[in-house]
Amino acid sequence: MNSSSPRGRWRRIDLPLIAWLTVIWTLLWTGLSWGNVISGVVVAVLLCLVFPLPAVELDLRLRPIGIVRLAGYLLYDMTSSTVTVTWQTLRGKPGPAAVIAVPLRCRTDLMIAATAVAVSSVPGGALVEVNGSTATLFLHVVHADDPRAVDRARADVRRLETLVVRAFGTREEIGRLKEPTPPDAPDAPDAPRSPGAPGAPDAPDAPEGRTPGA
C-alpha cells in the first residue's frame with residue numbers, strides 16, 4: 001500500500017509516539033490542563049501526518065498507573081518548587097551556586113532525554129548539560145555550600161528518573177532501577193587550574209639568574 005494515500009498516512013500514526021509527543025508538549029507548557037493535553041494530541045497527530053516517519057522500534061511502553069504517578073508528582077513538584085523559588089527570591093539571599101553531576105541508572109537515550117525534560121520542567125531545576133555516553137545530568141543548584149541541599153537535589157533527580165522509567169520504560173530499564181545508585185561524578189567538567197591553586201601542578205622553576213617575569 002502506498003504510504004502517500006490517506007489510509008497509508010493513518011497507518012503511520014503510532015499511538016506510543018502520539019502519547020510521547022503529547023507528554024513532551026505538556027511538559028514544555030509547564031502546566032497540566034485539559035487544554036494543554038488536547039492541543040498536544042492535535043499537534044502530535046498533525047506532525048505524524050505531515051512528517052510521517054519510517055517504522056522505528058521505540059523502547060517505549062505506556063504504563064497508565066506509572067503515567068498517573070508521574071503526572072501527579074510533577075504537578076506537586078511544580079507547585080512546591082514555585083513556592084520555594086519565590087520565597088528565596090523575596091528573601092534576596094541566595095546561597096552560592098554550583099554545577100552538580102547526577103549519574104542515572106537508565107541507559108537508553110529515550111529514558112535519559114525524558115528524565116532531562118522532566119527535570120527541566122520543574123522551577124529551579126536548571127539543566128546545564130546532558131552527557132548521554134555516561135548517562136549523567138549536570139544541574140545548576142543554589143545553596144551548594146549545604147551538603148543536605150545538594151543531596152536533596154540529587155535525590156529529586158533520581159526520584160524523577162524512577163517515575164519516568166516506571167511510566168515509559170521497558171522491563172529491562174525498570175529492572176535497572178533495582179541496581180545500586182551509581183557513584184556521584186565530579187560536580188563539574190574538569191577545567192584548567194591556575195598555578196598555585198589547590199590541586200594544580202606547580203609552576204616550572206625559572207632558570208638560574210632570572211626571576212619569573214623578567
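Would you check which residues across the stretch 25-47 are in contact (Cβ under 8 Å) with a residue 24 or more places away in the chain and farther than 18 Å from Leu74 by Cβ and list them?
First, the residues of the stretch 25-47 that are in contact (Cβ under 8 Å) with a residue 24 or more places away in the chain: 27-28, 30-32, 44-45, 47.
Residues satisfying the conditions are Ala44, Val45, Leu47.
So if I check each of Gly95, Gly72, Gly66, which one is small (Gly, Ala, Ser), over 14 Å from the mean Cα position of the chain (by Cα) and in a loop (DSSP other than H, G, I, E, B)? Steps first, please.
Values: Gly72 fails: in a loop (DSSP other than H, G, I, E, B); Gly66 fails: in a loop (DSSP other than H, G, I, E, B).
Within the list Gly95, Gly72, Gly66, the selection yields Gly95.
Would you mind finding the one in Arg91, Arg9 that is modelled with pLDDT under 80, farther than 30 Å from Glu172 by Cβ and either of a type in the set (S, T, N, Q) or touching a Leu at 6+ places or on another chain (Cβ under 9 Å) (or both)? Working first, answer last.
Numbers: Arg91 fails: either of a type in the set (S, T, N, Q) or touching a Leu at 6+ places or on another chain (Cβ under 9 Å) (or both).
Result of the check over Arg91, Arg9: Arg9.
Do the conditions hold for Ala149, that is, is it farther than 23 Å from Pro180 by Cα, at pLDDT below 90 and either of a type in the set (A, V, I, L, M) or surrounded by fewer than 18 Cβ atoms within 10 Å (Cβ to Cβ) (or both)? Walk me through how you get there before you give the answer.
Working: farther than 23 Å from Pro180 by Cα: no; at pLDDT below 90: yes; either of a type in the set (A, V, I, L, M) or surrounded by fewer than 18 Cβ atoms within 10 Å (Cβ to Cβ) (or both): yes.
Considered against the rule, which asks whether it is farther than 23 Å from Pro180 by Cα, at pLDDT below 90 and either of a type in the set (A, V, I, L, M) or surrounded by fewer than 18 Cβ atoms within 10 Å (Cβ to Cβ) (or both), Ala149 comes out as no.
Have a look at Ala114, Ala135 and point out the one that is at pLDDT 85 or above, under 26 Å from Trp25 (Cα atoms), among the small types (Gly, Ala, Ser) and more than 9 Å from the chain's Cα centre (by Cα).
On the way: Ala114 fails: more than 9 Å from the chain's Cα centre (by Cα).
That would be Ala135, the only listed residue that is at pLDDT 85 or above, under 26 Å from Trp25 (Cα atoms), among the small types (Gly, Ala, Ser) and more than 9 Å from the chain's Cα centre (by Cα).
Examine the stretch 185-203 for a residue that is at pLDDT 90 or above and either of a type in the set (A, V, I, L, M) or crowded, with 18+ Cβ neighbours inside 10 Å (or both), and state whether such a residue exists. Step through it out loud before you land on a result.
As a first pass, look at the stretch 185-203 and keep what is at pLDDT 90 or above: none.
Checked the stretch 185-203: no residue is at pLDDT 90 or above and either of a type in the set (A, V, I, L, M) or crowded, with 18+ Cβ neighbours inside 10 Å (or both).
Residue check: is Ala144 part of a loop (DSSP other than H, G, I, E, B), at pLDDT below 90 and either hydroxyl-bearing (Ser, Thr, Tyr) or more than 14 Å from the chain's Cα centre (by Cα) (or both)?
On the way: part of a loop (DSSP other than H, G, I, E, B): yes; at pLDDT below 90: yes; either hydroxyl-bearing (Ser, Thr, Tyr) or more than 14 Å from the chain's Cα centre (by Cα) (or both): yes.
The answer is yes for Ala144.
Take the stretch 101-128 and flag every residue that is out of contact with any Ser or Thr (no Cβ under 7 Å at 6 or more places or on another chain) and either without any contact (Cβ under 8 Å) to a residue 40 or more places away in the chain or hydroxyl-bearing (Ser, Thr, Tyr) (or both).
The answer is Thr108, Asp109, Ile112, Ala113, Thr115, Ala116, Ser120, Ala126, Val128.
The values are calculated or read from the model by the stated rules, or taken from the named source; none is laboratory data. Computed from a predicted model, the values in this text were never measured in an experiment. All Cβ positions, glycine included, derive from the backbone under ideal geometry; neighbour counts span all protein chains shown.
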